[in-house]
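The values are calculated or read from the model by the stated rules, or taken from the named source; none is laboratory data. Being a predicted model, the structure only gives us computed values, none of them experimental. Here the Cβ is made from the backbone with ideal geometry for all residues, glycine too, and neighbour counts use every protein chain on show. These accessible areas exclude ligands, DNA and RNA; they are computed on the full protein's heavy atoms, side chains included. Shrake-Rupley method; radii C 1.70, N 1.55, O 1.52, S 1.80 Å.
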Amino acid sequence: MLKDFGAHPADRVPKAELHAHLEGTIHAPVLRKLAARNGITLPDGVLDDQDNYLWTDFNDFLKVYDLATAAIKTPEDYYDLTLDYLERVAMEGGLYVEILVSPDHVLNLGMALKDQLDALIQAIDDARERFGVETRISQTIVRHYGPENSVAAAKAAVEHLHPYITGFQMAGAEDAYTPADFRPAYDIAAEAGLRCTAHTGEWLGPDSIRETLAALPMVERLGHGVRAIQDPALVKELAERKIPFEVCPGSNIALKVFPTPEEHALKGLWDAGCTITLASDDPPYFHTSLGAEYRFAVDVAGLSVPDLYTITRNALNAGFMDETTRAALMMRVSASEAA
Ligand SMILES: [Zn+2]
């Protein structure tokens, strides 16, 4: 949580995020706790003395991410790290979170998918009860593991459906294969009733976004999508089609998708009328949090507090949740705005 939470006008706005990789949300003290409990010595190069994650560039980030994830061994670990994250996000005003989980990570750990999902579902119920935050799960395939693997992961995902498991998407290296190569996996998910998004337009430019939307028509939102800014015609089209963007400024700045915070696409996309939502991606890795992303929108992109309310409503409208839940969360946003 932000050390001076409450000191900024953005802090009082209720928040929602559609893009937080569960294994990327692990707070360093929790990671140390899980490692100790599982008898694992964290390798050098994962955390420094101040509990910062250590990485140098995107490939190194993926390596450190995998090293850290290896400390997760049991469903109880998943329960603890999920509840911890949901508490932290709720403390900053988070009402709604979509957590991205990869069947591949779970299967690599030798854990049964059902055991992991049962732990997440319990954590989601307990977080609602204790912290008032609502959560849904998005099953995530890892693009650089290849299309064949993605079909296996999609099949495993749809064998374990639950009302909290509502989303499906792909993450990982954006230049691995083509979007069309993942159509079979997306078809499996969409036929099972999962709603779809995709990481696109983060590392590659406008063509990647166009290709993704053309090859995967079930994709409703853009994971990042920020490089659309390089193509005004595409920005105009996305604004007109009201395709929601899952914008993660802290991640983009840490990974140097944009050279400086001031050059980040948020302001340009907002001014062009795009449907913007804000999210923290892998918050401790990028020294960010959902609260910090909302502050960034004001301090760097020049948005107003009323704009932030619009952003939260955008996220709730675009969230993969049932209508009763959406209506209840919208009422909490309206009550906050009226207060
Ligand atoms: Zn992501």
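Take region 154-198 and flag every residue that is within 16 Å of the ligand (Cβ to nearest atom), within 11 Å of Ile137 (Cβ to Cβ) and of a type in the set (Phe, Trp, Tyr). Listed by number, the list holds a single entry, Phe168.
Quick check on region 53-61. Is at least one of its residues in contact with a strand residue (DSSP E or B) (Cβ under 7 Å, 6 or more places away or on another chain), of a type in the set (Ser, Thr, Tyr) and surrounded by fewer than 23 Cβ atoms within 10 Å (Cβ to Cβ)? Yes - at least one qualifying residue is present in region 53-61. Here is the figure for region 1-38: residues that are open to solvent by 30 Å² or more (accessible area, probe 1.4 Å) and among the aliphatic types (A, V, I, L, M) total 4. The residue that is most open to solvent (accessible area, probe 1.4 Å), among those in region 252-271 that are within 18 Å of Ile311 (Cα to Cα) and either touching a strand residue (DSSP E or B) at 6+ places or on another chain (Cβ under 9 Å) or within 16 Å of the ligand (Cβ to nearest atom) (or both), is Trp270. Residues considered: Tyr164, Tyr145, Tyr186. Of these, the only one that is surrounded by 15 or more Cβ atoms within 10 Å (Cβ to Cβ), among the aromatic types (Phe, Trp, Tyr) and in contact with a Lys or Arg (Cβ under 7 Å, 6 or more places away or on another chain) is Tyr164. Give me the pairs, please: first residue somewhere in region 168-185 and over 16 Å from Cys248 (Cα atoms), second residue anywhere and more than 14 Å from the ligand (Cβ to nearest atom) and acidic (Asp, Glu), beta-carbon distance under 9 Å, and either six or more positions apart or on two chains. Close Cβ pairs (under 9 Å, with a partner that is more than 14 Å from the ligand (Cβ to nearest atom) and acidic (Asp, Glu)) amount to Thr178/Glu211; Pro179/Glu211; Ala180/Glu211.
One line per residue, one yes/no per condition, for (1) farther than 28 Å from Ala292 by Cβ; (2) more than 16 Å from the ligand (Cβ to nearest atom); (3) open to solvent by 10 Å² or more (accessible area, probe 1.4 Å):
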{"position": "Thr74", "(1), (2), (3)": "yes, yes, yes"}
{"position": "Leu81", "(1), (2), (3)": "no, yes, no"}
{"position": "Leu86", "(1), (2), (3)": "no, yes, no"}
{"position": "Ile99", "(1), (2), (3)": "no, no, no"}
{"position": "His105", "(1), (2), (3)": "no, no, yes"}
{"position": "Asp118", "(1), (2), (3)": "yes, yes, yes"}
{"position": "Ile124", "(1), (2), (3)": "no, yes, no"}
{"position": "Glu129", "(1), (2), (3)": "no, yes, yes"}
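The single residue among Arg143, Arg195 that is free of Cβ contacts under 8 Å to residues at least 60 places away in the same chain, farther than 20 Å from Asp80 by Cα and in contact with a Gly (Cβ under 6 Å, 6 or more places away or on another chain) turns out to be Arg143.
Pairs meeting the criteria (first residue in region 22-43 and away from the ligand (no atom under 16 Å from the Cβ) and in a helix (DSSP H, G or I), second residue open to solvent by 30 Å² or more (accessible area, probe 1.4 Å) and among the polar types (S, T, N, Q), beta carbons under 9 Å, at least 6 apart or on different chains) are Ala28/Gln50; Ala28/Asn52; Leu34/Thr74; Ala35/Thr41; Arg37/Thr74.
Just one of the listed residues (Phe296, Phe320) is within 16 Å of the ligand (Cβ to nearest atom) and modelled with pLDDT of 95 or more, and it is Phe320. The residue pairs whose first member lies in region 260-272 and is modelled with pLDDT of 95 or more, whose second member is part of a helix (DSSP H, G or I) and open to solvent by 50 Å² or more (accessible area, probe 1.4 Å), and whose beta carbons are closer than 8 Å, counting only pairs six or more residues apart or on different chains, are Ala265/Ile229; Gly268/Ile229; Leu269/Ile229; Ala272/Pro232; Ala272/Lys236.
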